[in-house]
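Input: a single structure, listed below in structure tokens.
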Amino acid sequence: MAARVLLQRHAAPLTASLVAGSIMLYPRAALAEAPDSYTPIKKPIYDDLDAVPTTATLPPARPSSPSSTTSTTVVPENPASPSLQEVVVHTPQQPQQQQARGPTPTDRLASQVREARLFLYRHACNAEDALNRTMDRAFHLERSFTDTVAGLAPRAETGEKLMPGLVYVLVAAMAGSMVTRRSNILLRATVPVAFGVAMGWTALPVTMGNVSELAWRYEQRFPVVAQSHIKTREAWTNSVQFAEAHRRVVVDAVDDKVKSARETVEDWVKKGK
């Protein structure tokens, strides 16, 4: 019973070894080439090189065109047979000039991007130029204002000081306002200005001269205002000269009267002695 079990366990490996050895040791002929009766089961990967195209297998010839050339080649119908057969082969000719093609979507997108960039660049340049012009005008106005204010101040060699003079002008204007506080609106508007201007010409003659020159430059931009100013100044100058002449006449007459009266009194005093 034990021997039977052992034989069953070793029988399968032993049988497999015998079958493999018989297959390997089976005598057969080894051929370098396939026998004539061998037929391949699978389809070959490459086409048969012995097959040569013939007139029966070739498509019909097309009419000749400028874009193609026709060449005649003599090939054997069968490499084993000496007979030859002409085969007509059409070889396409490369076009002399490439056919013009339309713009691609990439080209159109690049063109649109270019136009957008140029548009933004032009507007950015215009905005920059406008900003530069505005800043130039602002700087010009600032410089003109500072130069004007600096030109109104008196020079150091004149010895005129602004601080006490301006105080005097303000006090004079306030005095005129106080004098005309119970008068009509016209006097309350003009008398303080007149008092201030009069005090300005008295305390700050150089500064008032600079102010008058500046006012005259601005008035020259308006010919009507300039002509009115000239006429008013001439009338005022004539009035002052007329008043000055009458003052001199009156002073001379008074001096003559006083002199004659003094001489008369002196004569009386001498006679009384």
Notebook entry, point to check: Quick one: if you stick a label point 7 Å off each Cα along the C-beta vector at residue 270 and residue 231, how many nm between them?
Noted result: 6.0
Check: So what's the gap between the Cα centers of segment 115-133 and segment 227-253, to the nearest angstrom?
Finding: 64
Margin query: Assuming 0.36 nm per residue, please report the length gained on full extension of the stretch residue 108 to residue 171 beyond their Cα-Cα distance.
Written below: 14.7 nm
Notebook entry, point to check: In what sequence, highest mean first, do 140-148, 204-212 appear when ranked by Cβ atoms within 10 angstrom?
Noted result: 204-212, 140-148
Notebook entry, point to check: For residue 146 and residue 124, FRET efficiency with R0 = 45 Å and r from the beta-carbon atoms, rounded to 0.05?
Noted result: 0.85
Next item on the list: Quick one: compute the contact order of segment 157-221, relative version, from alpha carbon pairs under 8 angstrom and 6+ residues apart, as a percent.
Entry: 37
Notebook entry, point to check: What's the extension gain from residue 211 to residue 158 if we count 0.36 nm per residue and subtract their Cα-Cα distance?
Noted result: 17.5 nm
Next item on the list: Could I have the simple spin-label model distance between residue 138 and residue 219, label points 7 Å from Cα toward Cβ, reported in nm to one decimal?
Entry: 3.5
Check: Rounded to the nearest 0.05, what FRET efficiency is calculated for residue 178 and residue 258 with R0 set to 25 Å and r the Cβ-Cβ distance?
Finding: 0.10
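Every number in this text was worked out from the coordinates using simple rules, so none of it is lab data. Only a predicted model underlies this, so the values are computations on that prediction, with no experimental measurement involved. All Cβ positions, glycine included, derive from the backbone under ideal geometry; neighbour counts span all protein chains shown.
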